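Chemist: My questions all concern the structure below.
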Ligand code: ATP
Ligand code: MG
């Protein structure tokens, strides 16, 4: 894409009322636009990042048998009344129509997915079943100061699985946990599997996926010697105490952001909707339900918090809006400008996603913008390209630059 055609522009300063680093950098880069506290629009660059994150999640959910849907976000109040959520869920946005009919905005989707599964899964032969979607959620959050990490409108991948018994559920739980770790790792993050309480949804233990960052809103206790990790809210062992799992390490405390979680919902929702299936003996049984969330927009914000420096964002490869940022320093040189154009064509022919800065601007401005935007690879075309038949190649993460001859360029980029 030609940068001169991009309708968004970078800006030097973040809005004064924006306190979080993720929103500051993303707003300055033109990735997102703030509508009000906790509500952001995703602009072309931001949407590209979000789409990449969503695609990673989609691939991993499909790989474990998830079937994608797009469920309604405007919900009938009756469903929420059946489950007790209408009065019991404090963050639920409730609407009234002009004919005084009541609706809820989807803050989670059990009230919609359970009747859907009920319609199609009448027999043990139809189970297990995993249904997911990637879309908008609405929550009346009291505080929204963490930029896109806590929105009143935000993106989530939510999957729901239905099982004939606990053993089958437990088997799936482990599979989803492994898929989650793969997703976070592909997004350039290390997530700790953390024991937590079931919260509003269930009495059972749930697992949260925590990424260490000061921008998070949770405190966790983890063992430096093994994988043990628990939310401080439920940990029986205090900071400095011996790890309850390996006994070797001393528990350390850290701030973290919850990027995802998995819940055992038991039979609560099937019972609320009278959803039973026929088992092998022809007896009606309630299925066991699991729910698995990943905050897609919180994940994007967390990536920015973890991967950024004083100059801007440093996108991990798989979620970057473009693979390469081609910068033309043609100035008045027709020859250099032609080289840059040729390079842009070449990269596109090779299937490289490239943002091409052919704007009539100073080199310093172009580089500052490139640092702010944080595309992993920068390719500079200048007089040197004409004389040395190569482009200056540098990685955003290290900044180290070297001349790469044209015939080696594509291989370097595809590495
Ligand atoms: P939190 O404790 O942070 O409020 P939660 O326990 O309410 O999270 P869930 O209802 O399980 O979260 O939602 C699934 C995932 O959606 C969370 O793990 C988180 O990544 C994300 N999420 C939850 N609330 C928000 C929000 N207000 N803004 C952005 N992402 C959110
Ligand atoms: Mg919450």
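Chemist: Return one number: the angle in degrees, 0 to 90 and rounded to the nearest 10, between the long axis of the Cα atoms of helix 334-349 and the longest principal axis of the Cα atoms of the chain.
Modeler: Helix 334-349 and the main axis of the chain meet at about 30 degrees.
Chemist: A further question follows. How large, in Å, is region 106-147 by the Kirkwood hydrodynamic radius built from its alpha-carbon pairs?
Modeler: 12.9
Chemist: Using a Debye calculation, one point per C-alpha and no hydration shell, please list log10 I(q)/I(0) for region 275-344 at q = 0.12, 0.21 Å⁻¹ in order.
Modeler: Calculated log10 I(q)/I(0) at the listed q: -0.64, -0.94.
Chemist: Shifting gears a bit: Give, as ranges by residue number, the residues of region 130-159 whose backbone N falls under 16 Å from the point 7 Å along Cα→Cβ of residue 37.
Modeler: 139-153
Chemist: Add -39500 (n - 2.57) for each DSSP H run of 4 or more in the chain, then divide by its residues: what number comes out at 222 nm, to the nearest 500 deg cm²/dmol?
Modeler: Helix contribution divided over all residues of the chain: -9500 deg cm²/dmol.
Chemist: Looking only at 359, 236, 378, which one moves most when the chain is put into a Gaussian network model with springs between Cα atoms under 10 Å?
Modeler: For the chain, modelled as a Gaussian network with Cα springs under 10 Å, the answer is 236.
Chemist: Hey, what D do you get for region 238-294 in µm²/s if you plug the Kirkwood alpha-carbon radius into Stokes-Einstein at 25 °C and 0.890 mPa s?
Modeler: Translational D for this selection: 162 µm²/s.
Chemist: Something else: Round to the nearest 10 and give me the degree value, 0 to 90, for the angle of helix 166-186's Cα axis relative to the longest principal axis of the chain.
Modeler: Approximately 10 degrees, to the nearest ten.
Chemist: What are the equivalent ellipsoid semi-axes of region 118-192, built from the alpha-carbon gyration tensor (square roots of five times its eigenvalues), in whole angstrom, biggest first?
Modeler: Each semi-axis is the square root of five times an eigenvalue, giving 29, 19, 10 Å.
Chemist: Right, here's the next one. Using only the alpha-carbon atoms, how far is helix 110-120 inclined from the longest principal axis of the chain? Give it as 0 to 90 degrees, nearest 10.
Modeler: It is inclined by approximately 70 degrees.
Chemist: Have a look at 188, 46, 241 and tell me which one the Gaussian network model of the chain (Cα, springs below 10 Å) gives the largest fluctuation.
Modeler: The residue with the greatest mean-square fluctuation here is 241.
Chemist: In nm, to one decimal, how far is the residue 237 label point from the residue 267 one, both placed 7 Å along Cα→Cβ?
Modeler: My value for the distance between the label points is 3.6 nm.
Chemist: For region 48-80 and region 138-179, what is the centre-to-centre distance using only Cα atoms, to the nearest Å?
Modeler: 10
Chemist: Using the 10 angstrom Cβ neighbour count as an exposure proxy, how do 146, 4 rank, fewest first?
Modeler: Values: 146 23, 4 11.
Fewest-to-most ranking of 146, 4: 4, 146.
Chemist: Along each of the three principal axes of the Cα atoms of region 203-249, give the extent in whole Å, ordering the values from largest to smallest.
Modeler: 28, 28, 16
Chemist: How high is the relative contact order of region 1-98, in percent, with contacts defined as C-alpha pairs under 8 Å that are six or more residues apart?
Modeler: 13
Chemist: If you take the C-alpha gyration tensor of region 62-141, multiply each eigenvalue by 5 and take the square root, what semi-axes do you get, largest first, in whole Å?
Modeler: Whole-Å semi-axes of the equivalent ellipsoid: 26, 15, 11.
Chemist: Quote the convex hull volume per residue of region 176-294, based on C-alpha atoms, as a whole number of Å³.
Modeler: Each residue corresponds to 135 Å³ of Cα convex hull volume.
Chemist: For region 20-71, what are Rg and Dmax over the alpha carbons, in angstrom?
Modeler: Here Rg and the maximum Cα pair distance are 14.0, 39 Å.
Chemist: For a distance above 28 Å, tell me the whole-number percent of Cα pairs in the chain that qualify.
Modeler: Working: 47646 of 85905 pairs.
That fraction is 55 percent.
Chemist: How many Å³ per residue does the convex hull of the Cα positions in region 41-93 occupy?
Modeler: In region 41-93, the Cα hull volume divided by residue count equals 137 Å³.
Chemist: Return the single residue from 344, 40, 120 with maximal mean-square fluctuation; model: Gaussian network over the chain, springs between Cα atoms under 10 Å.
Modeler: 120
Chemist: On to the next question. Rg and Dmax of region 289-415 over Cα atoms: what are they, in angstrom?
Modeler: Looking at region 289-415, its Cα Rg and Dmax stand at 16.4, 65 Å.
Chemist: For the chain, what's the relative contact order in percent, using C-alpha pairs closer than 8 Å and at least 6 residues apart? Can you show the working numbers first?
Modeler: Values: 840 pairs, mean separation 64.4, N = 415.
Relative contact order here is 16 percent.
Chemist: Please list, by residue number, everything in region 330-356 whose backbone N is under 14 Å from a paramagnetic label point 7 Å out along Cα→Cβ of residue 384.
Modeler: Under 14 Å, as judged by backbone N against the label point of residue 384, lie 330 of region 330-356.
Values quoted throughout were computed directly from the atomic coordinates according to the rules given, and no laboratory measurement underlies them. Everything quoted here is computed from the prediction, not taken from an experiment. In this analysis, Cβ positions are derived from the backbone assuming ideal geometry, glycine residues included, and neighbour counts consider all displayed protein chains.
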